[in-house]
Amino acid sequence: MKWEAKIIQYKGEKRIAVIFKKDAALIARIKEFQGARWSQSRVLWHLPDTDENRIHFKLPLLASTQPNAEGQQALEKFKQHLRSKRYSESTIGTYSEALRSFLVFYNTKPIAEITNEDIIIYNNEYILKNNLSASYQNQIVNSIKLYFATVQNRKIDIEKVHRPKRAKVLPNVLSKEEVKAILEAHSNVKHKMMLSMIYSCGLRRSELLNLKPSNIDSKRNIVLLKNAKGKKDRIAPLSPKILKMLREYYAEYKPTVWLFEGQTKGEQYSETSLQKILKTAVLKARILKPVTLHWLRHSYATHLLESGTDLRYIQELLGHNSSKTTEIYTHVSTKSIQQIKSPFDDL
């Protein structure tokens with residue numbers, strides 16, 4: 001999905017404009033940002049011009065929000081440390097930009113003199129005062145903790161800094177009937193195959209696109225996911241129906257490097273094209289919900305739980321580090337809830 005973000009003047013105030021073609025999933029996502037508004041006259045969405053939003057939409061920070069010379073040097077050392085630990089570039093960007101905000105706040109104070117009390121002041125006077133999100137607050141706390149523990153080699157008692165209470169957001173889940181309608185919407189073999197693989201194996205988008213033909217083990221009926229999220233390998237079961245579909249797909253497309261390739265042989269299929277495939281399938285299935293590819297993974301986990309699969313196995317299949325992450329699906333499973341009789345029925 002293509003979008004563009006830029007700084008605009010709106011009614012005498014600087015705002016971040018986010019421009020994209022009408023899309024239900026993107027509209028639902030943009031509405032989650034605090035202060036997001038739709039301008040009918042300018043035909044665009046616009047958000048408050050904050051450091052957090054600039055970082056999220058990859059816009060340059062203002063010159064006045066750059067750290068001093070010592071702060072910039074500290075940031076470079078922090079990035080070097082993260083790279084030496086083989087953090088992903090995405091994580092490095094998130095952590096370093098979060099630390100940058102903190103160092104800017106204390107531009108006039110030597111880093112060696114920063115104490116735990118300063119972090120509490122920053123939390124109250126910058127994060128809370130500017131109504132920045134709970135997730136951004138956690139990113140800041142995590143990056144400060146990591147920086148002082150590694151680069152500065154001194155402990156900051158981060159537990160004294162109040163972390164925000166995490167919002168309890170339930171995963172979006174489709175019914176089996178809705179999933180079936182989406183998977184059967186396409187007549188194109190490749191398109192049907194890609195969406196079916198995501199649901200049948202509970203894959204993330206990147207995991208599907210990084211699959212190679214050699215990752216399919218038809219003898220053991222498994223899919224080997226190499227270097228998945230968190231640089232972990234794991235396996236997913238391969239259903240007989242999917243294996244049959246894969247053989248038909250392989251015979252027609254004969255992929256070379258990647259299991260799913262673009263129009264050019266050996267070229268990896270793009271994320272944008274995959275998202276368009278889902279969008280088209282959802283429209284054809286006449287489903288009005290703002291379905292994303294991750295909904296299929298959520299649905300896979302929930303349907304496994306409802307069919308009696310042990311939560312520990314689901315955790316392994318999804319590649320979750322913590323069982324708490326997987327336990328969220330117990331809150332959306334309807335198997336037990338549907339057995340409860342409402343007192344309304346007895347009236």
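Has the stretch 97-119 got any residue that is closer than 18 Å to Asn142 by Cβ, open to solvent by 90 Å² or more (accessible area, probe 1.4 Å) and either modelled with pLDDT of 85 or more or not acidic (Asp, Glu) (or both)? No, every residue in the stretch 97-119 fails to be closer than 18 Å to Asn142 by Cβ, open to solvent by 90 Å² or more (accessible area, probe 1.4 Å) and either modelled with pLDDT of 85 or more or not acidic (Asp, Glu) (or both).
For the stretch 57-71, the criterion of a residue being out of contact with any His (no Cβ under 6 Å at 6 or more places or on another chain), surrounded by fewer than 18 Cβ atoms within 10 Å (Cβ to Cβ) and within 25 Å of Lys279 (Cβ to Cβ) is satisfied by at least one position.
Scanning the stretch 123-147 for residues that are under 27 Å from the mean Cα position of the chain (by Cα) and over 18 Å from Asn53 (Cα atoms) gives Asn142, Ile144, Lys145, Leu146, Tyr147. Within the stretch 27-39, the residues that satisfy the criterion of being under 20 Å from the mean Cα position of the chain (by Cα) and open to solvent by 90 Å² or more (accessible area, probe 1.4 Å) are Arg29, Lys31, Glu32, Gln34.
So for the stretch 40-53 (the condition being modelled with pLDDT of 85 or more, of a type in the set (Lys, Arg) and exposed (fewer than 15 other Cβ atoms within 10 Å of the Cβ)), does at least one residue qualify? Scanning the stretch 40-53 turns up at least one residue that is modelled with pLDDT of 85 or more, of a type in the set (Lys, Arg) and exposed (fewer than 15 other Cβ atoms within 10 Å of the Cβ).
Taking the stretch 232-347 and the helices (runs of 4 or more DSSP H) fully enclosed by it, the elements with 1 or more residues that are open to solvent by less than 80 Å² (accessible area, probe 1.4 Å) and either within 20 Å of Glu184 (Cβ to Cβ) or at pLDDT 85 or above (or both) are at 240-253, 271-284, 293-306, 311-318. For Asn172, are the conditions met, namely being modelled with pLDDT of 80 or more and closer than 30 Å to Arg286 by Cβ? So Asn172 fits the description; yes.
Here is a check on your reading of the model: is Val223 part of a strand (DSSP E or B), without any contact (Cβ under 8 Å) to a residue 60 or more places away in the chain and among the β-branched types (Val, Ile, Thr)? Criteria met by Val223.
If only residues of the stretch 172-196 that are of a type in the set (Val, Ile, Thr) and in a helix (DSSP H, G or I) are counted, the one that is surrounded by the most Cβ atoms within 10 Å (Cβ to Cβ) is Ile182.
A quick yes/no check of all residues on (1) outside any strand (DSSP E or B); (2) in contact with a helix residue (DSSP H, G or I) (Cβ under 8 Å, 6 or more places away or on another chain); (3) of a type in the set (Gly, Ala, Ser):
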site: Lys6; (1), (2), (3): no, no, no
site: Gln9; (1), (2), (3): no, no, no
site: Ile16; (1), (2), (3): no, yes, no
site: Ala25; (1), (2), (3): yes, yes, yes
site: Phe33; (1), (2), (3): yes, yes, no
site: Leu47; (1), (2), (3): no, yes, no
site: Asn53; (1), (2), (3): yes, no, no
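Quick check on this structure: which one of Gln72, Gln40 is touching a helix residue (DSSP H, G or I) at 6+ places or on another chain (Cβ under 9 Å) and without any contact (Cβ under 8 Å) to a residue 40 or more places away in the chain? Result: Gln72 is the single residue among Gln72, Gln40 that is touching a helix residue (DSSP H, G or I) at 6+ places or on another chain (Cβ under 9 Å) and without any contact (Cβ under 8 Å) to a residue 40 or more places away in the chain. Could you list, in sequence order, the residues of the stretch 1-26 that are open to solvent by 70 Å² or more (accessible area, probe 1.4 Å) and small (Gly, Ala, Ser)? Correct list: Gly12 only. In this structure, is Lys165 basic (Lys, Arg), surrounded by fewer than 17 Cβ atoms within 10 Å (Cβ to Cβ) and at pLDDT below 85? Judged against the criteria, Lys165 is a match.
Restricting the search to the stretch 197-214, which residues are part of a helix (DSSP H, G or I) and open to solvent by 20 Å² or more (accessible area, probe 1.4 Å)? Passing the criteria: Tyr199, Ser200, Arg205, Ser206, Pro213, Ser214.
The values are calculated or read from the model by the stated rules, or taken from the named source; none is laboratory data. Only a predicted model underlies this, so the values are computations on that prediction, with no experimental measurement involved. Note that we place each Cβ from the backbone using ideal geometry, even for glycine, and neighbour counts take in every protein chain shown. Just the protein is used for accessible areas: all its heavy atoms, side chains included, with ligands, DNA and RNA removed. Shrake-Rupley method; radii C 1.70, N 1.55, O 1.52, S 1.80 Å.
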